[in-house]
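What follows is a set of notes on a single structure, which appears directly below.
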Amino acid sequence: MRRPGVLAAVLAVVCALVTGCGPDLSGARVRIAAGLKGGVYDKLAQPLADAWAAQLDAERPEVLETQGSPDNIARVRTGKADVAFVAADVATENTAGLAALARVHDDYLHVIVRADSSITSFAQLRGHKVAIGSPDSGVEFLSKQLLKASGLTGAVDRRNLGLPDALPALKNRQVDAVIWSGGLPTPSITEMSHQVGLRLLDITDLADDLRATSPVYRTATIPVTAYNLSAPVTTLVLPNFLVVPAAMPDDVAEALVRGVFDARGELVKAAGAALSIDVHPAIETSPLPLHPGALRYFRSIKD
């Protein structure tokens, strides 16, 4: 006998909590598309899965290891995941059939070179080896946007390396620059900066062209205190969304988003990025629409 659909099962849980109808939901799971083990998405997904299991009195949701945002959005579209952490630029490239539970944490673009490098601007990456993120990751997606905006798409030697491999490659001069999108500060960058001097490139001259490619990009400053920099660096800020199918039942979406904010304390313990999870910016997911169930939650807490 086939198990009931995951979302139908969660809806039944909500029904049980509200009305006491009490169906047997053993074996039913929500699938959360996260990212690589140990990454921020994974660090947030694990305690969120614990929280949802407790709140909904259901089996612990399955946290799926994935390559990152493009992989995650593809899994939601094909029914292989029910909830996904997704970088906003990836999530809003094609919004058909998708909705957001909430805006969660923000990431900052880092373009990293060695302190002893002669490279002082993004344009000077021409002809150099650049780590652009692992295949099918949100970092790779953003890197391609950067290269396109700068006119360097075919002019750099692109290396598909995630941060754990890219930083040692930079240290050993196997690459000349690393592109990364993450929180401030990113611990592994801080650690590497103690082993070999690092600098961040300012992208002020690219900001307007980048913002023209996606409405979710905005500029911000990485302060000197983040990595003991010699001067502040202008960069991009990129939000992250929790994305679900637009067809998810409203009661399910409302229960899940409520669970995110009820679990905020545990999420903060797991990853500092969760400090930016707040109900006020959480509704800012345009041009990806908020799910009606999520909107119902946000309206309820204003009453």
Residue (of VAL244, VAL279, THR234) at the positive-pole extreme of the chain, dipole from beta-carbon charges: THR234
Excluding residues fewer than 8 positions from LYS144 in its own chain, the aspartates and glutamates with Cα under 15 Å of it are ASP89, GLU93, ASP136, ASP157, ASP209
For Cα pairs less than 8 Å apart in space and 6+ apart in sequence, what is the mean separation divided by the residue count of region 63-184, i.e. the relative contact order in percent? 32
Percent antiparallel among DSSP beta bridges confined to the chain, nearest 5, equals 70
At a Förster radius of 30 Å, what calculated FRET efficiency corresponds to the Cβ-Cβ distance of ARG60 and ILE301, to the nearest 0.05? 0.70
Inter-label distance, nm, simple model (7 Å from Cα along the C-beta direction), ASP262/LEU229: 4.0
Can you tell me the order of 115-128, 79-92, 38-51 when each peptide is scored by its average per-residue count of other Cβ atoms within 10 angstrom, highest first? 79-92, 38-51, 115-128
Magnitude of the charge dipole, region 78-118, Cβ model with Lys/Arg +1 and Asp/Glu -1, debye to 20: 80
With the chain reduced to its Cα atoms and the Debye formula applied, log10 I(q)/I(0) at q = 0.07, 0.08, 0.12 1/Å amounts to -0.28, -0.37, -0.77
Out of ALA54, ALA270, ALA34, a Gaussian network model of the chain with alpha-carbon springs under 10 Å gives the largest mean-square fluctuation to ALA54
Using a 1.4 angstrom probe on heavy atoms only, work out the carbon and sulfur share of the accessible area of the chain in %. 51
Under 27 Å Cα to Cα from LYS148, which lysines show up? Leave out anything in the same chain fewer than 8 places away. LYS129, LYS171
From phi via Karplus (6.51, -1.76, 1.60), per-residue ³J(HN,Hα) for region 125-135 in Hz, x at Gly/Pro: 6, 3, x, 9, 8, 10, 7, 10, x, 6, x
Nearest 500 deg cm²/dmol is fine: what mean residue ellipticity at 222 nm does the chain get from its DSSP H runs of n ≥ 4 alone, each adding -39,500 (n - 2.57), divided by its residue count? -11000 deg cm²/dmol
Region 244-303: which trypsin sites (Lys or Arg not before Pro) are DSSP loop and have at most 12 other beta-carbon atoms within 10 angstrom? LYS302
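The values are calculated or read from the model by the stated rules, or taken from the named source; none is laboratory data. Computed from a predicted model, the values in this text were never measured in an experiment. Counting neighbours? That spans all protein chains shown, and the Cβs are built from the backbone with ideal geometry, glycine included. With ligands, DNA and RNA removed, areas are computed over all heavy atoms of the protein, side chains included. Shrake-Rupley method; radii C 1.70, N 1.55, O 1.52, S 1.80 Å.
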